[in-house]
Amino acid sequence: MILPPLHGLDGLDLLASAVLVLDDESRIVYANPAAEHLLESSFKALSQHKFSELFQNGEQMAVLFRQAIENQFADLRQDLTLERAGREVLHVHCIVSGLHRPGMAIMIELRETVQQLKLDREERLLDQSQANKELIRNLAHEIKNPLGGIRGAAQLLELELPERHLKELREYTQVIVKEADRLQTLVDRLLAPHRRPHIVGDVNIHEVFERVRSLIMAEFSSGLTIERDYDLSIPEFRGDKEQLIQAVLNIAHNAAQALAPRIAAGDAQLIFRTRIARQVTLAKVRYRLALDLHIIDNGPGIPTEIQDRIFYPLVSGRDGGSGLGLTLAQTFVQQHMGVIECESRPGCTDFRILIPLP
């Protein structure tokens with residue numbers, strides 16, 4: 001990476017990777033917003049320390065810095081594990097470069113390897129989602145036309161049934177009609193996101209969550225509590241309110257159904273949490289701010305064998321489930337340039353919705 005002129009360090013503020021500049025005593029003299037986010041500390045706080053003092057295993061970093069200052073390498077690339085007291089370990093790819101400028105001896109670039117894996121996974125999900133949408137649209141149209149013919153033929157056949165056998169044979173034609181109607185409903189649900197126009201207006205995300213909360217509590221009136229953990233400073237934004245309500249409702253309703261044993265026991269819990277995330281990368285685009293929404297339940301967790309496929313159409317972890325709720329939720333969120341992520345283990349499933357803000 002080429003360092004801009006001394007007066008132009010602000011150009012590094014736009015980078016997605018964390019960049020820090022150290023003086024010849026390894027004290028931090030510059031940190032871009034991505035570095036502040038990664039290290040969970042402001043530049044003002046960081047500037048009071050040597051970089052190696054931030055970590056319990058900082059000695060290895062101190063050695064690298066001395067080598068950089070002594071011109072032992074042009075730049076060094078190395079995967080490191082940085083241990084922090086009371087915080088999660090950081091797994092990073094570190095690039096250390098000597099600068100040899102007045103007051104600016106070393107530049108460090110940190111890229112979280114876990115974050116890179118996450119970005120790669122998001123890219124695969126987006127590609128898969130696009131392929132799924134095309135497949136669903138084409139398949140639904142192929143099914144719809146013959147389905148109408150089958151239903152119509154069954155109704156005509158019923159009219160031609162002999163009177164003496166009408167009662168017993170009508171049962172069979174009605175099975176055909178009802179199953180055709182059921183499949184028609186399924187096809188309509190598959191096509192719903194592509195038919196409905198994207199209606200954009202001002203959206204208060206807490207109104208969205210409150211609407212979903214009232215719907216869930218109306219259906220599950222006892223044995224389930226919904227805890228609200230809202231950041232009320234979140235501003236209104238432009239979006240499709242009805243689509244967002246449907247996306248959050250699909251996730252929350254799935255969670256409530258998975259909580260059936262705990263509802264029976266009276267200790268089922270959902271948590272609705274809203275926050276603002278900073279410096280978020282979605283589909284290779286860096287956003288300064290994003291909505292960070294969570295729907296968390298204390299249920300049994302998603303079966304491990306389907307965790308990587310829960311957003312695929314017709315994949316369900318519940319007997320009798322259509323497997324469309326999460327697919328539609330992901331589609332509606334993607335229409336807002338966002339993404340849904342999920343982490344699940346027994347006792348805690350956390351669906352996270354990220355939607356960029358202007």
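Here, each number is a calculation from the coordinates, and none is a lab measurement. The shown structure was predicted, so the numbers you read here are calculated from the model rather than taken from an experiment. When we count neighbours, we look across all protein chains shown, and the Cβ atoms used for this are built from the backbone with ideal geometry, even at glycine.
Go ahead and run the numbers for FRET between Asp229 and Leu186, Cβ-Cβ distance against an R0 of 45 Å, rounding to 0.05. Provide the component values of the computation, followed by the final result.
On the way: r = 36 Å, r/R0 = 0.80.
That pair, Asp229 with Leu186, gives E of 0.80.
In nm, give the distance between the simple-model label positions of Gln174 and Glu88, each being 7 Å from the Cα along the Cα-to-Cβ direction.
5.7 nm
Roughly what would the spin-label model give for Arg66 and Ala264, points 7 Å off Cα along C-beta, in nm?
A separation of 6.6 nm, rounded to one decimal place.
Pull up the cross-link candidates among the aspartates and glutamates for Lys167, meaning alpha carbon to alpha carbon under 15 Å and not fewer than 8 places away within one chain.
Glu158
Within a 10 angstrom radius of the beta carbon, how do Asp181, Asp240 rank from fewest other beta carbons to most? Walk me through the numbers on the way to the answer.
On the way: Asp181 12, Asp240 19.
Fewest-to-most Cβ neighbours within 10 Å comes out as Asp181, Asp240.
Would you please give the FRET efficiency between Ser214 and Thr81, computed as 1/(1 + (r/R0)^6) with r the Cβ-Cβ distance and R0 = 41 Å, to the nearest 0.05?
Result of the calculation: an efficiency of 0.30.
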